[in-house]
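Notes to accompany the following structure.
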Amino acid sequence: MSKIYLYELRRTVRGKFFWGLLAVCLFFGWNILQTTVIRGVAHTAPFSPWTFGAYLARLMPLLGVALLFFQWNQCNEKARRFWSLTDASPAEPGQYLLVKCAAAATAWLLLALGVTALGIGFLLALFHDSVPVGMLLLTAAAALLPPLVFLTGTGLLAGHIRSSLLFVWMAFALGVGFIPLPGNLDLYGYSFFTEYPLTLQQTDPAFSMPAGMLAARVVFLLVGMGFLFLAVWRQRRQKGKG
């Protein structure tokens, strides 16, 4: 299975689309850093976790499309021609699905790591020791992991039902980032990072996550995991019928 994982990861990372997506993400990230982050959000400092979370949340629509594109690359018509080979092998079909899913998620994490490093490097260059790097990394995990798991699970099931459905889901991933939603319902959390600090009635308040927002993040994680297991179950069931 490790060989399949490395093959799928190399196939994605070595592709021109990966490097093109990385360049686009870094370009938009740099633009956000220079126009929005440098001013701070919701009366917080440019190097505060609130501002850094808003920076990542603003990039998440693009990153979400990239993740779904990686999944489409694994289940499009060209890739489906090789499924008969794995179906004929004695290996458990759900394992193949999870390994390919892990490869797509790893490629996505490389993109996310790139924009995260760009943001932290930008802030360190300007504000030096004032930048709380550890807290920014914790904020990055809170901002990135729930959408990653949610889109991975739902995208995996959609793509293995019909690969064209992933283009519909890409439109959702892109559009939901620009629809004003309450903080708890916002998949990417942009409204939370930019509006919640104002309710604390403090100048540059310490980063905190209320119970409702924390519960919403957990729900997105659980829903994504549920769809992931559903996709694996469906794959096993199809092979059992075959």
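The values are calculated or read from the model by the stated rules, or taken from the named source; none is laboratory data. Bear in mind that the values here come from a model prediction, so they are computed numbers and not experimental data. Cβ: placed from backbone, ideal geometry, glycine included. Neighbour counts: every protein chain shown. We work out accessible area using only protein heavy atoms, side chains counted, and drop any ligands, DNA or RNA first. Shrake-Rupley method; radii C 1.70, N 1.55, O 1.52, S 1.80 Å.
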*Residues (among the aromatic types (Phe, Trp, Tyr), open to solvent by less than 10 Å² (accessible area, probe 1.4 Å) and not in a helix (DSSP H, G or I)) located in the range 186-224*: Tyr188
*Has the range 35-54 got any residue that is hydroxyl-bearing (Ser, Thr, Tyr), open to solvent by 40 Å² or more (accessible area, probe 1.4 Å) and modelled with pLDDT under 90?*
no
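Kindly provide the set of residues from the range 74-95 that are modelled with pLDDT of 65 or more and open to solvent by less than 40 Å² (accessible area, probe 1.4 Å), ordered by number.
Taking the range 74-95 as the starting set, the residues that turn out to be modelled with pLDDT of 65 or more are 74-77, 92, 94-95.
Across the range 74-95, the qualifying residues are Gln74, Cys75, Asn76, Gly94.
Which members of the range 173-182 meet the condition of being out of contact with any Leu (no Cβ under 7 Å at 6 or more places or on another chain) and buried (at least 19 other Cβ atoms within 10 Å of the Cβ)?
Keep residues of the range 173-182 that are out of contact with any Leu (no Cβ under 7 Å at 6 or more places or on another chain), which gives 174-175, 177-182.
Passing the criteria: only Gly177.
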_Residue ID - modelled with the lowest pLDDT, chosen from residues in the range 155-164 that are assigned to a helix (DSSP H, G or I) and buried (at least 18 other Cβ atoms within 10 Å of the Cβ)_ = His160
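Could we say that Thr12 is surrounded by 16 or more Cβ atoms within 10 Å (Cβ to Cβ), in contact (Cβ under 8 Å) with a residue 12 or more places away in the chain and over 18 Å from the mean Cα position of the chain (by Cα) here?
Taking the combined requirement at face value, the residue does not satisfy it.
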